[in-house]
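Worksheet for the structure shown next.
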Amino acid sequence: MVGEAAGFAVLAAVSPTALIVMAVFLGSANPRLTALAYVIGAFAMTIVMALVVLYVLRATGLNLPRGHEPRYGVRLGLGILALAGTAFLFRRRKRPPPDPAVPRQGLIARLISMPSPRTAFAVGVLLFAPSVTFIAAVQVVATARAGVPITALTLIIIVLLTCLVVWVPLLTYLAAPHATTRLLKGISDWLHAHGKAVAIDALALCGVILVVNGALGLAGVV
């Protein structure tokens, strides 16, 4: 259970946007406090949603023996949703790039344009709203008949891995600010060019895994 949930959590952590935003906040006038607020917002959203998803799935009885077919039905549904999201993102990626002379008006862009601990916290909450990959990770825990210690430990691992792209850069910045800033600048430049492809590949991989696992479960193979 732990390994499977951690695998989905790693895929959930693939967020080029979250890493680019961290680079912006660490380059702001008050980098430590702003980045810390961003990390707190990310953890707050992730922890709350992990508990909510766990409660909802457990309340439906998917962790009980009679929930075998519904359990794998949920996984199949999540996989189909992930593949649909992959197709949507792929189609958007093929659109012509926006005119750089026209400013972006999205909520995240507006919040990032005025970095402060308050806006950074809000961005962390918004960017770490639950994704299909995150729900898949928590679903592994929710449908397992594990005791409270293992369940709690696995949830902690999921949260830490999901927020990996924000807390690791902050820690490295506190230890070596100049080197981290230079490294994040290089990574950010690369992600601007390739980040969409990375996110699409991660979502597609999760979708394939969930569809196969769900179909095999419904067929009684697993």
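The values are calculated or read from the model by the stated rules, or taken from the named source; none is laboratory data. Keep in mind that this is a model prediction, so the values were computed, not measured. In this analysis, Cβ positions are derived from the backbone assuming ideal geometry, glycine residues included, and neighbour counts consider all displayed protein chains.
Among residues of the stretch 81-114 being at pLDDT 75 or above and outside any helix (DSSP H, G or I), the one that is nearest to Phe134 (Cα to Cα) is Gly106. Of the residues making up the stretch 147-190, those that are under 18 Å from Phe128 (Cα atoms) and either touching a helix residue (DSSP H, G or I) at 6+ places or on another chain (Cβ under 7 Å) or aromatic (Phe, Trp, Tyr) (or both) number 12. Mind listing just one residue for me: the one in the stretch 132-165 that is within 15 Å of Leu57 (Cα to Cα) and in contact with a Phe, Trp or Tyr (Cβ under 6 Å, 6 or more places away or on another chain) and, of those, surrounded by the most Cβ atoms within 10 Å (Cβ to Cβ)? This residue is Ala137.
Here Val74 clears all of (1) at pLDDT below 80; (2) surrounded by 18 or more Cβ atoms within 10 Å (Cβ to Cβ); (3) of a type outside the set (Gly, Ala, Ser) except the condition numbered (1).
For the stretch 166-176, a residue qualifies if it is within 27 Å of Val2 (Cα to Cα) and either surrounded by fewer than 21 Cβ atoms within 10 Å (Cβ to Cβ) or touching a His at 6+ places or on another chain (Cβ under 8 Å) (or both), and the qualifying residues are Trp167, Val168, Leu170, Leu171, Thr172. Taking the numbered list (1) surrounded by fewer than 17 Cβ atoms within 10 Å (Cβ to Cβ); (2) closer than 19 Å to Pro149 by Cα in turn, Ile47 passes all entries but (1). For the stretch 147-183, a residue qualifies if it is assigned to a helix (DSSP H, G or I), over 19 Å from the mean Cα position of the chain (by Cα) and of a type outside the set (A, V, I, L, M), and the qualifying residues are Pro149, Thr151, Thr172, Tyr173, Pro177, His178, Thr180, Thr181, Arg182.
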